[in-house]
Amino acid sequence: MEEREGEVRWDGLCSRDAAARAAALDTIGQTVLRRAESIAPAADGLPAPAARDGLGLALARLLMLSKRCPFPDVREKSEAILGGVQELGIRIPRPLGHGPSRFIPEKETIQVGNEDATMHTLFADSFATLGRLDNVTLVMVFHPQYLESFLKTQHYLLQMDGPLPLHYRHYIGIMAAARHQCSYLVNLHVNDFLHVGGDPKWLNGLENAPQKLQNLGELNKMLAHRPWLITKEHIEQLLKTEENSWSLAELIHAVVLLTHYHSLASFTFGCGISPEIDCEGGHTFRPPSVSNYCICDITNGYHGVDEIHASPTGSIPVSICLNKKPLSSTESVCEVEALMEKMKQLQECRDEEEASQEEMATRFEREKRESMFVYSSEDEESAATRDVSRHFEDTSYGYKDFSRHGMHVPTFRVQDYSWEDHGYSLVNRLYPDVGQLLDEKFHIAYNLTYNTMAMHKDVDTSMLRRAIWNYIHCMFGIRYDDYDYGEINQLLDRSFKVYIKTVVCTPEKTTKRMYDSFWRQFEHSEKVHVNLLLVEARMQAELLYALRAITRYMT
């Protein structure tokens, strides 16, 4: 494979054979050092000519490998090559930010090189498949069972046999991530799109892509923001557009990719995923400078403007300049125990009496209506940057609640159309094995438990997990007849609801303050677990609306 980084070949590093990796590293080292020797550094030592010739990109990739490769030999040799370049008087890059997440302290994440055997296998598999160990993986690995299922599904969607060509798959990923201005995912898939032979002209804007992909734009925006508006007519339009028409199998593949990347954008923002080290915003060639720091930044653990620019959207996190008095440990413990007490009381009420069907329906409608008024005080319109917005049309189209402006959307009853009874078989029939992979991933996320809550052990968390899942589906108008929606208000407080709604509906507006403000005594791994529930519940909600419309078209 010929890379854009000055004809450096990287694919040999993905081999599980140490000898093959060593040979690839020798070739990379010779190529990079030869190019570095041919460039006289400028007076300030910045490799400006190097960047033009691809050396800058190669050095950034070596920096990433020195920090993020699961194979120790690659990490060590990459660091040595960088050292050799530095000895020639050319400035080498350094990472921006601290760790894979802006929300989770680096010391509390899994350090590459310190992982256990199970995690190392997952890391090695991911690196061998993608050629990188990305920050999403390094945060998801808090939950190895889920990560294994996620990586297997994503690998199948992007790289295994399927209805769509490889470059279409990555371009659809770009379109989906761009709807939420998720430059993190857009950047990754721009690189992957070019790697599999995609036409660079398509990246100048959706209008430069084939008409067939442009036609997908309408479905993309509805799925991302208002999936309840999708009808069989929208499906018919895509399937019957003569020379630019989609087959049913292609459309199912596209729908699964769109929903996968909409929900992955939610995870990216919800967990504060940092830019990849070798991507824009993940490294700098400038030396560290104390002049950029304010003393309160240093004492609070913020490390200068470079790190601020490393947010997924490039915007300054609201929480940086706002000091908030933390809860005392006693208050936080009370918060956890109060939640556990509510769970116990609700279980007792369940055992004693069951609400009538009419009352259950009323409680659902009340919760759906109330969810419209859950907003953050930080909520504001954010304009899409040209860099990301060129990958989709109608930048003003965003999430709207059901009943805004007199619109009424009928409740989607799961007993009439469910994933288990309808969606699963439709996907499996038109895109074999994917229904099974998605089903496994949904079940792992929904049932995942370690029977802990903060510092408490042997806790049955099923009631809480179901409340989170059903609240997300409620926001999309989806109702389970056998669920008492009155439980949601008992178990999810306002700050938690604000976080859930923001991450699911407008993830680009998620802030560190929102992340910090819910479940303050819980572990970061538990907050990541919440995000897995949000990802899968959102993906399933979008799929239900799209698959129902496809089913109606087929019948």
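The values are calculated or read from the model by the stated rules, or taken from the named source; none is laboratory data. Note that the coordinates shown come from a computational prediction; the quantities given were computed from them, not determined experimentally. We place every Cβ from the backbone using ideal geometry, glycine too, and count neighbours over all the protein chains shown. These area figures cover heavy atoms from the full protein model, side chains too; ligands, DNA and RNA do not enter into them. Shrake-Rupley method; radii C 1.70, N 1.55, O 1.52, S 1.80 Å.
Summary table
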| read-out | value |
| --- | --- |
| Count of residues meeting criterion [more than 14 Å from Lys441 (Cα to Cα) and small (Gly, Ala, Ser)] in the stretch 524-540 | 1 |
| Odd one out for His529, checked against (1) in contact with a strand residue (DSSP E or B) (Cβ under 6 Å, 6 or more places away or on another chain); (2) closer than 23 Å to Thr153 by Cβ | (1) |
| Output for the stretch 457-490, where each listed residue is open to solvent by less than 10 Å² (accessible area, probe 1.4 Å), of a type in the set (A, V, I, L, M) and assigned to a helix (DSSP H, G or I) | Leu464, Ala467, Ile468, Ile472, Met475, Ile488 |
| Which listed residue, of Arg494, Arg520, is basic (Lys, Arg) and touching an Asp or Glu at 6+ places or on another chain (Cβ under 8 Å) | Arg520 |
| Residues being surrounded by fewer than 24 Cβ atoms within 10 Å (Cβ to Cβ) and either over 10 Å from Val427 (Cβ atoms) or among the polar types (S, T, N, Q) (or both) - total across the stretch 247-256 | 5 |
| Every residue from the stretch 231-285 that is assigned to a loop (DSSP other than H, G, I, E, B), closer than 19 Å to Lys512 by Cα and either hydrophobic (A, V, I, L, M, F, W, C) or free of Cβ contacts under 8 Å to residues at least 12 places away in the same chain (or both) | Cys271 |
| Filter pass, His155 being more than 20 Å from the chain's Cα centre (by Cα), surrounded by fewer than 23 Cβ atoms within 10 Å (Cβ to Cβ) and not hydrophobic (A, V, I, L, M, F, W, C) | no |
| Matching residues in the stretch 208-230 - criterion: being of a type outside the set (A, V, I, L, M, F, W, C), assigned to a loop (DSSP other than H, G, I, E, B) and either touching a Leu at 6+ places or on another chain (Cβ under 9 Å) or buried (at least 17 other Cβ atoms within 10 Å of the Cβ) (or both) | Arg226 |
| Scan of the stretch 161-197 for residues that are outside any helix (DSSP H, G or I) and crowded, with 23+ Cβ neighbours inside 10 Å, ordered by number | Arg179, His180, Gln181, Cys182 |
| Failed condition for Phe442, given (1) under 30 Å from Met340 (Cβ atoms); (2) open to solvent by 60 Å² or more (accessible area, probe 1.4 Å) | (2) |
| Condition broken by Leu63, with the remaining ones in (1) touching a Phe, Trp or Tyr at 6+ places or on another chain (Cβ under 8 Å); (2) part of a helix (DSSP H, G or I); (3) at pLDDT 95 or above satisfied | (1) |
| Residues that are open to solvent by 10 Å² or more (accessible area, probe 1.4 Å) and in contact (Cβ under 8 Å) with a residue 24 or more places away in the chain, drawn from the stretch 427-439 | Leu430, Asp433, Leu437 |
| Those residues of the stretch 491-515 which are closer than 21 Å to Leu339 by Cα and open to solvent by less than 30 Å² (accessible area, probe 1.4 Å), in sequence order | Leu491, Leu492, Phe496, Lys497, Val498, Tyr499, Ile500, Lys501, Met514, Tyr515 |
| Number of the exception - Arg4 against (1) under 22 Å from Thr137 (Cβ atoms); (2) modelled with pLDDT under 80 | (1) |
| Qualifying position, being over 15 Å from the mean Cα position of the chain (by Cα) and open to solvent by 10 Å² or more (accessible area, probe 1.4 Å), among Gly205, Gly113 | Gly113 |
| Some residue of the stretch 516-539 being buried (at least 22 other Cβ atoms within 10 Å of the Cβ) and assigned to a loop (DSSP other than H, G, I, E, B) | no |
| The stretch 126-177 - residue that is acidic (Asp, Glu) and free of Cβ contacts under 8 Å to residues at least 60 places away in the same chain and, of those, nearest to Trp202 (Cα to Cα) | Asp161 |
| Number of the condition not met by Arg132 [criteria: (1) under 30 Å from Met514 (Cβ atoms); (2) part of a helix (DSSP H, G or I)] | (2) |
